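Written below as structure tokens is the structure these notes are about.
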Amino acid sequence: MDVLRIRGGNALHGEVTVGGAKNACLPLLAATLLTDKPCVLRNVPDLSDSRFMIEILRHQGATVEPLGGNAWRITATEVQPKTPYELVRKMRASICVMGALVGRLSHAEIPLPGGCVIGQRPIDLHIKGLKKLGCSIENHAGMMRIDASKLRGAYVFLGGRYGSTVTGTANILMAAVRAPGITHIDCAACEPEVQDLCRMLVKMGAKISGIGSPMLEIEGVEKLHGCEYTVIPDRIEAGTHLLCGAITRGDVTVHGAVAAHLGAFLDKMDEAGIPFETLSPSDIRVRGDMIKTLRPIDIVTLPHPGFPTDLQAQFSAVLALTPGLSIITERIYPNRFMHVPELLRMGADIAIEGPSAIIKGVPALSGAPVMASDLRASAALVLAGLAAEGETWVQRIYHLDRGYEKFEVQLAHLGADIVRLKHTDMPSEFLGE
Ligand code: EPU
């Protein structure tokens, strides 16, 4: 197993370009199953999650060809209705093939995905939505058997106790674009990744209005055609790089940092006293070297346009080194604090109180062997390692590889002392942790 060794203390300098958004490309790949015509997707990030989604498309019967330069051609002339548990178990997000299968076929069989380390993650809203659209769903030995033969447009309210659902909105959208009649998705997720899916579906011939708002109106069409589409840049990767520049007191320009996708996050950078400059609608320069004093802040994660849950772990690494008391409250995944015990090992002072992390800034962190538990927690540990004194060894970085393309190569290019090594390269006293 690979590990990252980081020797902290180097200020990062230079330019970095973020890849295509993981959470946009997964539903976009799934959407190609809605047509028997070829679709070309560009800017697909080379991540384990995207490779895995491609494997699922092939399993469903699609021909998937690499065109080079992160572009893929997908042709789903025939689609088979069953997705095996073996595939869904490995990547929760594979549930987003459900809407595409329902939109394309009269029946589908998909396993219930189960929970994951960041929370329970039910799919009750997806199921409720499909039922509203006329599907009947039976649960048989962990498999959902969906009869979509009576699919039709309807009013669907997708709000749950944590707000709307990103993948749920994607699933209902993909079913609704082929459902005869009009569908209204009320309390739809507004995330840029959902907007991206809407735009690709429109390019494929779907009729959708209200894109980017919580009320989507879809007029079902009989057929969708192929299209060429470019995935939006990854706002979470962009935000992570901006924080890397800030925590190391560096000067980093992030290409593909779309300010319009990062409003709440940039507002918190500003409030925390991290200077940055928006050079163009998709280029932001962070001036960690110009930080005078960092200020403690409160963050509450919320559905878009609120502060994204996928950036809270990374921001907590910065706040761990910010004098004063900061509070992060999780309103999407109340238990998403798996990074905290590892930051404590590095000398942070953080207490968890219910859905909040109370962070008392310390003057310095010290390097330590730490364990990544999920994708964003891994990124938080890398951030902490970049700023810590001494050596940090981040283990289980397969989590990181799910969402960051060649992260350590990019950071090394910016001047970080970071290398990917084998687990067995760790100092013997750390082995076995
Ligand atoms: N929820 C329900 N019922 C449902 C669906 C969701 O109660 O039927 C709850 C969830 O348990 C959670 C909240 O609603 O508390 C939001 O869940 P949502 O469905 O929006 O999350 P998701 O679609 O499963 C996507 C991203 C996550 C990101 C969340 C929130 C993908 C593949 N994943 O998940 O990304 O955290 O939206 O923005 O798009 C990540 O990239 O690290 C990641 C976890």
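The values are calculated or read from the model by the stated rules, or taken from the named source; none is laboratory data. Please read these numbers as outputs of a predicted model, since none were measured by experiment. Methodologically, a virtual Cβ is constructed for each residue, glycine included, from the backbone with ideal geometry; neighbour enumeration extends over all protein chains shown.
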Q) Gly129: buried (at least 20 other Cβ atoms within 10 Å of the Cβ), away from the ligand (no atom under 16 Å from the Cβ), part of a helix (DSSP H, G or I) and touching a residue at least 40 places away in the same chain (Cβ under 8 Å), yes or no? A) no
Q. Is one or more of the residues making up region 300-320 farther than 22 Å from Gly385 by Cα, more than 10 Å from the ligand (Cβ to nearest atom) and of a type in the set (Val, Ile, Thr)?
A. yes
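Residue-by-condition table, conditions (1) away from the ligand (no atom under 16 Å from the Cβ); (2) more than 23 Å from the chain's Cα centre (by Cα); (3) outside any strand (DSSP E or B):
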position: Leu4; (1), (2), (3): yes, no, no
position: Lys37; (1), (2), (3): yes, yes, yes
position: Val40; (1), (2), (3): yes, no, no
position: Glu65; (1), (2), (3): yes, yes, no
position: Thr77; (1), (2), (3): yes, yes, yes
position: Gly103; (1), (2), (3): yes, yes, yes
position: Ile110; (1), (2), (3): no, no, no
**Q.** Residue that is surrounded by the fewest Cβ atoms within 10 Å (Cβ to Cβ) [pool: residues in region 50-63 that are within 23 Å of the chain's Cα centre (by Cα) and among the aliphatic types (A, V, I, L, M)]
**A.** Ile54
**Q.** Among the candidates Gly168, Gly205, Gly181, Gly220, residue that is under 27 Å from Leu302 (Cα atoms) and either surrounded by fewer than 24 Cβ atoms within 10 Å (Cβ to Cβ) or in contact with a Leu (Cβ under 7 Å, 6 or more places away or on another chain) (or both)
**A.** Gly168
Q.
Quick check on region 270-314: of everything there that is of a type in the set (D, E, K, R) and part of a loop (DSSP other than H, G, I, E, B), which residue is modelled with the lowest pLDDT?
A. Lys292
Q: Please state which one of Tyr155, Tyr162 is away from the ligand (no atom under 16 Å from the Cβ) and either farther than 21 Å from Lys82 by Cβ or polar (S, T, N, Q) (or both).
A: Tyr155
Q | Odd one out for Ile274 among (1) away from the ligand (no atom under 16 Å from the Cβ); (2) touching a Pro at 6+ places or on another chain (Cβ under 6 Å) | A | (2)
Q | Among (1) more than 10 Å from the ligand (Cβ to nearest atom); (2) over 17 Å from Leu101 (Cα atoms); (3) surrounded by fewer than 23 Cβ atoms within 10 Å (Cβ to Cβ), the one test that Ala188 misses | A | (3)
Q) If you take the residues of region 334-346 that are part of a loop (DSSP other than H, G, I, E, B) and surrounded by 21 or more Cβ atoms within 10 Å (Cβ to Cβ), which of them is farthest from the ligand (Cβ to nearest atom)? A) Met346
Q | Pairs where the first residue, in region 91-104, is in contact (Cβ under 8 Å) with a residue 40 or more places away in the chain and closer than 24 Å to Ser149 by Cβ and the second is among the polar types (S, T, N, Q) and within 15 Å of the ligand (Cβ to nearest atom), C-beta under 7 Å, 6+ apart | A | Ile95/Thr167; Cys96/Thr167; Cys96/Asn171; Met98/Asn171; Gly99/Asn171
(Q) If a residue must be away from the ligand (no atom under 14 Å from the Cβ) and of a type in the set (Ser, Thr, Tyr), how many such residues does region 364-391 contain? (A) 1
Q) Of the residues in region 360-404, how many are free of Cβ contacts under 8 Å to residues at least 60 places away in the same chain, part of a strand (DSSP E or B) and surrounded by 18 or more Cβ atoms within 10 Å (Cβ to Cβ)? A) 1
Q: Hey, can you tell me all the residues within region 161-189 that are in a strand (DSSP E or B) and either at pLDDT 95 or above or over 23 Å from the mean Cα position of the chain (by Cα) (or both)?
A: Ile182, Thr183, His184, Ile185, Asp186
(Q) Looking for something buried (at least 16 other Cβ atoms within 10 Å of the Cβ), assigned to a helix (DSSP H, G or I) and of a type in the set (Asp, Glu) - is there at least one such residue anywhere in region 250-265? (A) no
Q. Could we say that Val117 is touching a residue at least 60 places away in the same chain (Cβ under 8 Å), more than 16 Å from Leu26 (Cα to Cα), among the hydrophobic types (A, V, I, L, M, F, W, C) and within 11 Å of the ligand (Cβ to nearest atom) here?
A. yes
Q.
Anything in region 144-197 that is more than 20 Å from Gly134 (Cβ to Cβ) and in contact with an Asp or Glu (Cβ under 8 Å, 6 or more places away or on another chain)? List them, or say none.
A. Gly159, Gly160, Val166
